[in-house]
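Participant: Pasting in a structure now, in structure tokens, and then I'll have a few things to ask.
The values are calculated or read from the model by the stated rules, or taken from the named source; none is laboratory data. All values derive from a computational prediction rather than experimental measurement. Cβ: placed from backbone, ideal geometry, glycine included. Neighbour counts: every protein chain shown.
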Amino acid sequence: MAHQLSAAVIGASGMGKHHAKWLDRLGCSMAAFAGTSPESVAATTEKLADLFGFGGTGYPSVDELLDSGRYDLINVCSPEQLHYDHFMAAVEHGAHVMCEKPLVWDPDLSADEMLRLGGEMVAAARQARRVAAINTQYAAGAEAYHAFMGNRGVEVGAPSSFFMQMESRGGPEGTDYEQIWIDLGSHPISVLVGFCGQGEMDESSASCSIERKCVEAEFDYVMAGGGTCRAHIVCRNRPEGELVRRFGINNVLVDYEGRNDENGIYRAWLSHDGDEHRAQDFVETSIERFVGAVRGDTPRPLATAAEGLENLKMQLVLLACADRR
């Protein structure tokens with residue numbers, strides 16, 4: 001019988017609760033999580049129990065979690081300023097690691113320093129021969145898009161242009177200026193790479209504008225296999241009203257939303273010209289590929305930590321050339 005993977009989540013009260021849910025549903029033993037205080041642990045334990053019947057243990061610090069036993073998988077869902085420390089601690093623990101996006105971010109550090117830390121994270125996991133993934137789950141959107149277009153008999157061709165508009169509510173008080181880009185920017189970049197494959201940004205073509213509630217960027221993406229795709233990305237904070245989440249290539253765009261199906265399972269839904277396509281939840285896809293890579297069932301995660309580092313480079317280049325209005 002295959003070994004049941006033991007999993008832990010660092011930071012399970014926000015996005016981390018969805019990591020914990022999918023790890024459990026994918027057959028892992030969701031054994032533990034780390035919070036920040038006894039009070040936060042109690043609140044998160046109750047939340048996870050309601051979400052999927054969590055019966056593991058919560059610890060008020062990462063050190064206590066790592067001292068409590070051995071974990072095959074550790075998902076890092078703490079605030080981005082803590083990603084480096086928690087990722088490195090998880091690798092040293094001997095675990096395979098999935099990190100929330102961005103791979104590393106600290107406003108007190110320069111771009112070069114953040115990239116250096118990200119490089120250390122990738123190198124540490126490679127040296128330890130651990131699977132290291134980044135949860136830029138919208139990369140799965142490119143696969144869902146092509147499946148949808150294929151079902152409809154629509155030929156979109158090789159990508160020469162890419163557009164994505166992504167809106168969110170942000171925190172309780174909303175999100176402004178650069179923080180919008182930090183929170184959302186990695187997702188459209190990951191979808192672009194999903195469509196185009198590996199490549200690099202032509203930095204001379206890059207432009208970016210930052211307003212209080214909107215960040216807009218354009219650049220040429222030069223594909224490793226040949227060809228150039230013109231990328232146009234809009235990230236917006238919308239405190240009220242209907243959120244717009246739209247993406248596609250060559251001016252064939254789909255709208256995206258997440259909602260439950262008739263069986264109460266959370267799914268991704270794409271729509272175009274009155275037709276709708278149901279796909280696996282992108283977060284589920286991301287975590288499933290990570291778990292599968294650890295088990296040896298899939299060749300690689302949806303997005304590797306190394307790809308997360310390349311994603312971060314593009315985010316930082318666009319931020320550096322931004323015109324703040």
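Participant: Of all the residues that make up segment 155-172, how many are more than 19 Å from Gly258 (Cα to Cα) and either modelled with pLDDT of 95 or more or of a type in the set (D, E, K, R) (or both)?
Facilitator: Total meeting the criteria: 9.
Participant: Only one of Ile249, Ile210, Ile233 is hydrophobic (A, V, I, L, M, F, W, C), within 25 Å of Met114 (Cα to Cα) and more than 20 Å from the chain's Cα centre (by Cα). Can you tell me which?
Facilitator: When all the criteria are applied, what remains is Ile210.
Participant: Which of the residues spanning segment 6-39 are under 22 Å from the mean Cα position of the chain (by Cα) and in a loop (DSSP other than H, G, I, E, B)?
Facilitator: Scanning segment 6-39 gives Gly11, Ala12, Ser13, Gly14, Met15, Leu26, Gly27, Cys28, Gly35.
Yes/no per residue for (1) at negative phi; (2) buried (at least 16 other Cβ atoms within 10 Å of the Cβ); (3) polar (S, T, N, Q):
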site: Ser6; (1), (2), (3): yes, yes, yes
site: Val9; (1), (2), (3): yes, yes, no
site: Ser13; (1), (2), (3): yes, yes, yes
site: Ala31; (1), (2), (3): yes, yes, no
site: Ser40; (1), (2), (3): yes, yes, yes
site: Thr44; (1), (2), (3): yes, yes, yes
site: Asp63; (1), (2), (3): yes, no, no
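Participant: Separate question: Run down Glu167, Glu173 and say which single residue is of a type outside the set (A, V, I, L, M) and more than 17 Å from the chain's Cα centre (by Cα).
Facilitator: Result of the check over Glu167, Glu173: Glu173.
Participant: From Ala158, Ala206, Ala217, Ala224, grab the single residue that is within 27 Å of Ala279 (Cα to Cα), out of contact with any Pro (no Cβ under 8 Å at 6 or more places or on another chain) and in the same structural domain as Thr285 (by TED's automatic domain parsing).
Facilitator: Going through Ala158, Ala206, Ala217, Ala224 in turn, the sole match is Ala158.
Participant: Among Val254, Val244, which is in contact with a Lys or Arg (Cβ under 9 Å, 6 or more places away or on another chain) and surrounded by fewer than 17 Cβ atoms within 10 Å (Cβ to Cβ)?
Facilitator: Val244
Participant: While we're here: In the list Val97, Val122, which residue meets the criterion of being within 18 Å of the chain's Cα centre (by Cα) and in a helix (DSSP H, G or I)?
Facilitator: The match here is Val122.
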